[in-house]
Amino acid sequence: MQPELQNLLELQKADREILRLNEEIAALPKRVSAIEEQLAGTKAVLDKAKTAVKADDAARRKYESSIQDLQQKISKYRDQMLDVKTNDQYRALQHEIDFSNQEIRGTEDKILELMVNAESREKQVKAAEADLKAETAEIEKEKEEARRRTAEDEKELAEWKAKRDQYRSGISPDLLQHYDRVVKLRKTGLSEVRGQKCMACQVMLRPQTYNEVRGGERVIICDSCQRILYFDPASEAPEEKLAVPVSSKRRHRPKADATQAWIYRTDYPEHGEVLLGLTNEGGSSSRRVYDFNTGRQIGDVLLREGEYRLAFPEDLAGDYVRLNGNWDVEELDSWGSEMPMTVLDALHADLQAARAENHSPTAAQAV
């Protein structure tokens, strides 16, 4: 992997950690604020309970004062009864006394009701006071934890910012500008490629693009989401790995008289390592040339008369390795300018098996 791409990966990791720490630092005061709001609610409950107790005490004193006033009235009426001259006056005073006694009894019932409620009020006050005490201790604990955690996060944040500056210094200005622009728009600037797909936007890549990302020789950008693409062999999809035939059995040798031959050469003019596909098509034959590393087709399909062993003798001379592979012409044509990754991997795997069997990277095999 290119050093610049490695720096980008480390930069994205640093940016994610910086974002996480900033969010955590911002969230801690909110957590304390939520507890303080809960504490304010408990204080309100306590204040309400105390207010109710005070109101009951005031009502009880008012009722007791009212009873005293009524008792004084009764005493006054009894004194007046000693001076009355007629029965009507006497009965009127007696009526007032009876009415006052009735009011006294009603007021005493209200006082009794307040006394009964007083026990419940006291319990509410004590419970609210206990909750307030516990929550006050809890919020102090949370505040202390928030201060400690904030100090740790700020220290770690400073370390990550220093790392981020270091990684950014190892990236070209143009690429860094592109990364920053994509991060601002899409939150992340890089995306892993897996199974010929950009994992961020889930868009399939063209075979050529996929091969170039896997090669890691230059920075490739996703045409869909504009993220910078990278390939991690450790997380390669299982199905990709299974596409490459790996076997502990003896390698099957290609048949000399097969209608199709796949050739590996290291000395192809102007290209070096290539894969040649030679195919008999009726009374003629064709040759397709592919870059060994990317699978990209080199030049056009070349047609000649006669079978490929006679039509393309120059490709079957010198050092080469013949590989296993057979695809019909329609499928070859469907590949377009680039062979599928599974085909390229299969040919690479067979070349490795041939080299291991012959102990030579350019061991020639008879056609």
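When G170 is tested against (1) in the same structural domain as D232 (by TED's automatic domain parsing); (2) surrounded by 12 or more Cβ atoms within 10 Å (Cβ to Cβ), just one condition goes unmet, and that condition is (1).
Out of A353, A349, one residue alone is under 30 Å from R194 (Cα atoms), touching a Lys or Arg at 6+ places or on another chain (Cβ under 6 Å) and among the small types (G, A, S). It is A353. Hey, any hits in region 272-283 for a residue that's assigned to a loop (DSSP other than H, G, I, E, B), at negative phi, in contact (Cβ under 8 Å) with a residue 24 or more places away in the chain and not small (G, A, S)? Looking for residues that are assigned to a loop (DSSP other than H, G, I, E, B), at negative phi, in contact (Cβ under 8 Å) with a residue 24 or more places away in the chain and not small (G, A, S), one finds none in region 272-283, hence no. Of the residues in region 100-107, not one is in contact (Cβ under 8 Å) with a residue 60 or more places away in the chain and assigned to a helix (DSSP H, G or I).
Residue count for region 317-330 under the criterion of being farther than 13 Å from Q260 by Cα and not β-branched (V, I, T): the result is 5.
For the residues S75, S100, the requirement of being touching a Lys or Arg at 6+ places or on another chain (Cβ under 6 Å), more than 21 Å from S120 (Cα to Cα), of a type in the set (S, T, N, Q) and assigned by TED's automatic domain parsing to the domain that holds A130 singles out S100. One residue is enough: does region 300-318 have a residue meeting the conditions closer than 22 Å to N211 by Cβ, buried (at least 17 other Cβ atoms within 10 Å of the Cβ) and either among the polar types (S, T, N, Q) or in contact with a strand residue (DSSP E or B) (Cβ under 6 Å, 6 or more places away or on another chain) (or both)? No - not one qualifying residue is present in region 300-318. Given the structure, is L70 outside the structural domain of V125 (by TED's automatic domain parsing) and either in contact with an Asp or Glu (Cβ under 8 Å, 6 or more places away or on another chain) or of a type outside the set (S, T, N, Q) (or both)? The answer is no for L70.
Residues checked against (1) in contact with a helix residue (DSSP H, G or I) (Cβ under 8 Å, 6 or more places away or on another chain); (2) in contact (Cβ under 8 Å) with a residue 40 or more places away in the chain:
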site: S191; (1), (2): no, no
site: A200; (1), (2): yes, no
site: V203; (1), (2): no, no
site: N211; (1), (2): yes, yes
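Residues that are closer than 30 Å to K126 by Cα, in contact (Cβ under 8 Å) with a residue 12 or more places away in the chain and more than 60 Å from the chain's Cα centre (by Cα) do not occur anywhere in region 30-40. In the set I111, I74, only one residue is part of a helix (DSSP H, G or I) and modelled with pLDDT of 90 or more; that residue is I74. Scan region 221-239 and tell me whether some residue there is polar (S, T, N, Q), modelled with pLDDT of 60 or more and more than 25 Å from Q297 (Cβ to Cβ). Yes, region 221-239 has at least one match. For region 152-190, a tally of residues being hydroxyl-bearing (S, T, Y) and more than 14 Å from N7 (Cα to Cα) returns 1. Annotation note: of M199, M204, the sole residue that is under 21 Å from the mean Cα position of the chain (by Cα), farther than 25 Å from A26 by Cα and not assigned by TED's automatic domain parsing to the domain that holds S337 is M199. Taking E64, is it farther than 29 Å from A128 by Cβ, among the charged types (D, E, K, R) and either in a helix (DSSP H, G or I) or under 33 Å from the mean Cα position of the chain (by Cα) (or both)? Here the answer is no, as E64 does not meet what is asked.
Among the conditions (1) more than 22 Å from the chain's Cα centre (by Cα); (2) touching a residue at least 12 places away in the same chain (Cβ under 8 Å), R186 misses just one, which is (1). State whether one or more residues within region 190-201 are modelled with pLDDT of 90 or more, surrounded by 14 or more Cβ atoms within 10 Å (Cβ to Cβ) and of a type in the set (S, T, Y). Yes: one or more hits.
The values are calculated or read from the model by the stated rules, or taken from the named source; none is laboratory data. Nothing here was measured: the structure is a model prediction, and the numbers come from that model. Ideal geometry is used to build each Cβ from the backbone, glycine not excepted, and the neighbour counts take in all protein chains shown.
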